[in-house]
Amino acid sequence: KIEWRVWSDTAPGYLRMASYNWYRSGRWSYNYRLADGHEKIDDAYLSRTPLKLMSEIGGVTYFHSEDRESVRSNRPEDHLKIRGTVKHTQPTTVVPTVAETYGILNMLGNDVYAEASPMGVIRLVDREMLIDYTLLANKDHKPLDGRAKPEVDLEIPEQDIGLIEELASHLKLSEINDEWERVAVIQHYFKTEFEYATQFDNGGYDEKKSKLAWFLNDLKKGHCEYFATATTLLLRHSGVPARYCVGYVSQERNGDCWNVRGTNAHAWTRAYIGGRWHDVDTTPADWRGVTSHEPLDPVEWVRERISL
């Protein structure tokens with residue numbers, strides 16, 4: 001099923017829906033209180049105040065004061081129009097965003113507005129069933145992610161330290177001074193020694209082991225969540241702040257837009273190198289071949305046109 005469609009001159013790349021910094025018992029979550037020092041705010045999105053500017057193309061919401069002039073004089077090539085349908089009844093919806101987003105405009109609905117979390121995730125409030133908006137994004141702009149927090153973004157759970165230390169030693173990461181070289185070594189290791197798979201025999205899985213240990217030491221195959229988790233923890237062990245992300249990656253062109261399907265769901269790592277966050281993906285490339293190419297449901301197409 002097509003979840004989203006993106007109008008852009010080039011493939012939209014990594015469309016982020018969530019970013020996590022806290023790993024415990026095989027699960028990722030977001031500890032924004034620890035990461036950002038908030039004690040009383042119950043909603044991470046409220047820790048960042050959205051700004052709004054009226055420009056020649058209407059109202060634009062942005063989140064860094066230094067982006068004001070770029071928002072005012074935004075370029076057509078920075079626009080990514082995104083459309084999708086959300087059926088749940090909650091007033092807020094997390095929507096896809098790209099790493100270098102610096103503004104959002106043309107949100108469908110009279111009262112809809114945008115908020116961003118310190119992890120670079122955007123949600124729309126009081127949105128319509130049909131989600132329709134345009135991102136302003138350019139690689140020269142500061143990402144929405146906050147700065148790396150060593151007390152969180154370098155943290156490895158005690159139960160996983162031995163496992164990660166063993167693999168880091170095998171890869172000799174401590175002998176590599178350049179951070180991008182460490183990334184390259186990890187990518188090469190997973191590309192040459194592991195296999196991407198969504199369905200596989202567990203090989204007599206020992207429940208006393210963590211699933212991460214089973215993935216790294218026994219099975220050596222798995223889906224993107226395993227690769228992203230292992231990469232995030234390996235980078236942290238080597239001194240590179242890292243976070244775990246989920247969202248979509250699509251390269252399916254359909255006329256003037258890009259289809260983003262449920263089968264394009266993906267997990268990857270964000271690494272803090274050179275003073276800014278970068279997407280790092282170590283899942284073997286053949287995961288992209290696991291996809292469906294069914295045509296758009298005509299009922300969905302009609303519903304979109306009625307809503308517009």
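The values are calculated or read from the model by the stated rules, or taken from the named source; none is laboratory data. Just so you know, these numbers come straight off a predicted model, no measurement behind them. Note: ideal-geometry Cβ built from the backbone for every residue, glycine included; neighbour counts use all protein chains shown. Keep in mind that these areas ignore ligands, DNA and RNA; they rest on the heavy atoms of the full protein, side chains included. Shrake-Rupley method; radii C 1.70, N 1.55, O 1.52, S 1.80 Å.
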Of those in the range 130-160 that are closer than 18 Å to Asn31 by Cα and acidic (Asp, Glu), the residue nearest to the chain's Cα centre (by Cα) is Asp145
Evaluate the range 169-183: report whether one residue or more is open to solvent by less than 80 Å² (accessible area, probe 1.4 Å), in contact (Cβ under 8 Å) with a residue 24 or more places away in the chain and not in a helix (DSSP H, G or I). yes
Looking at (1) surrounded by fewer than 23 Cβ atoms within 10 Å (Cβ to Cβ); (2) touching a residue at least 12 places away in the same chain (Cβ under 8 Å), which is the one condition that is false for Thr97? (1)
Answer yes if at least one residue in the range 139-156 is within 22 Å of Asp9 (Cα to Cα) and part of a strand (DSSP E or B), and no otherwise. no
Scan Arg33, Arg72 and give me the residue that is in contact with a Ser or Thr (Cβ under 8 Å, 6 or more places away or on another chain), of a type in the set (Lys, Arg), open to solvent by 20 Å² or more (accessible area, probe 1.4 Å) and at pLDDT below 90. Arg72
Out of (1) open to solvent by less than 100 Å² (accessible area, probe 1.4 Å); (2) under 30 Å from Gly59 (Cα atoms), the odd one out for Ile156 is which? (2)
Residues being closer than 18 Å to Ala99 by Cβ, of a type in the set (Lys, Arg) and open to solvent by 10 Å² or more (accessible area, probe 1.4 Å): count how many of those fall in the range 248-280. 1
It is to be established whether one or more residues within the range 240-247 are closer than 30 Å to Arg33 by Cα, open to solvent by 70 Å² or more (accessible area, probe 1.4 Å), charged (D, E, K, R) and in contact (Cβ under 8 Å) with a residue 60 or more places away in the chain. no
How many residues are of a type in the set (Val, Ile, Thr) and either over 29 Å from Trp28 (Cβ atoms) or outside any strand (DSSP E or B) (or both) if we restrict to the range 104-129? 2
Which condition number does Phe227 fail, the rest of (1) surrounded by 23 or more Cβ atoms within 10 Å (Cβ to Cβ); (2) over 23 Å from Ser29 (Cβ atoms) being met? (2)
